[in-house]
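**Student:** Okay, here's the structure, questions in a sec.
Each reported figure results from applying straightforward, stated rules to the coordinates on display, with no laboratory input. Computed from a predicted structure; not experimentally measured. Because the Cβ atoms are built from the backbone with ideal geometry, glycine has one as well, and the counts that use them run over all protein chains shown.
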Amino acid sequence: MQALIFDLDGTLIDTVYAHVFAWQRAFAENGLAIDGWRIHRRIGMSGGLAARAAARELGREINAAQEEVLLKRHSELFRKFLPERRPLPGAVEMLRTLRAQKVPFGIATSGSRPEIDLSLETLGIGTETVVIERRDVKRAKPEPDLFLACQQKLGVPVGECYVVGDAVWDLLAARRAGMLSVGLLSGGYGENELLAAGAYRVYRDAADLHRSLDELGVLP
């Protein structure tokens, strides 16, 4: 049976732009003014990698201490900007269907606890669901480690796994893992960008994917 491995931010939960604003404010407070769109293009990477990549956009290099300051401040600001979490359209219903049909699925996110806890709770994801976070692996997206760790915990062969994500970093990581990927437009990337990054199919959001699960051979 096919399994689904989901990204979290921008795929199942509406948090992408709160992350953008939090990173932008954290950078500004540390004397690094950066345009929001440049940060958006890095969302989906691990926090440390995103911070270093965004700094390079400004022609700057940051050391480990500066990176840690930015990460800590981003996390504080993110919780301040988004004290409540909203599932993206169709996300809760789709996960409910997968449980009812006994389709294996898991979450693989570049985020970390406790930052992701409220998002998981809002989606109704409990301890019975495989969740792989940034601290569980050596390397985050666009490396394949998160998805491979989730696949191994699910106990489903690589060739039977679909990765569902909203960012090019998800799809690149899926390609490196040897998995087919599905792109969602709910994180702000365009259809052509997702297809160019390797998406097998692109859907508007989780609700659109839910209606189309039979196209993937996931449901009869």
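**Student:** Give me the Kirkwood hydrodynamic radius of region 16-81, using the inverse of the mean 1/r over all pairs of distinct Cα atoms, in Å to one decimal.
**Tutor:** 11.3 Å
**Student:** Determine the gain in length on full extension of the stretch Asn63-Lys153; use 0.36 nm per residue of separation and subtract their C-alpha separation, reporting nm with one decimal. Don't skip to the end; give the middle numbers.
**Tutor:** On the way: separation 90, 0.36 × 90 = 32.40 nm, distance 3.42 nm.
Result for the pair: 29.0 nm of gain on full extension.
**Student:** Also: Just round it to a whole percent: the fraction of Cα-Cα distances in region 105-161 exceeding 19 Å.
**Tutor:** Result for the distance tail: 27 percent.
**Student:** Once the piece of chain linking Leu118 and Lys138 is laid out straight, how much longer is it, given 0.36 nm per residue of separation minus the C-alpha distance between them? Please report the intermediate quantities before stating the final value.
**Tutor:** On the way: separation 20, 0.36 × 20 = 7.20 nm, distance 2.40 nm.
Extra length available between Leu118 and Lys138 comes to 4.8 nm.
**Student:** Using Cα centres only, tell me the gap between region 61-78 and region 121-149 in whole Å.
**Tutor:** Here the two parts' Cα centres lie 21 Å apart.
**Student:** Continuing with the same structure: Check cross-link reach from Lys72 to the lysines: straight Cα distance under 21 Å, and skip same-chain residues fewer than eight apart.
**Tutor:** Lys80, Lys138, Lys141
**Student:** Under 16 Å Cα to Cα from Lys102, which aspartates and glutamates show up? Leave out anything in the same chain fewer than 8 places away.
**Tutor:** Reachable aspartates and glutamates: Glu93, Glu128, Glu160, Asp214.
**Student:** For helix 16-29, report the angle its Cα long axis makes with the longest principal axis of the Cα atoms of the chain; keep it between 0 and 90° and round to the nearest 10°.
**Tutor:** 20 degrees
**Student:** Report the label-to-label distance for Arg204 and Lys72 in nanometres (one decimal), using points 7 Å from each Cα along the Cα→Cβ vector.
**Tutor:** Label at Arg204, label at Lys72, 4.4 nm between them.
**Student:** Additional query: How large is the Kirkwood hydrodynamic radius of region 82-220, in angstrom, based on all distinct alpha carbon pairs?
**Tutor:** It works out to 15.2 Å.
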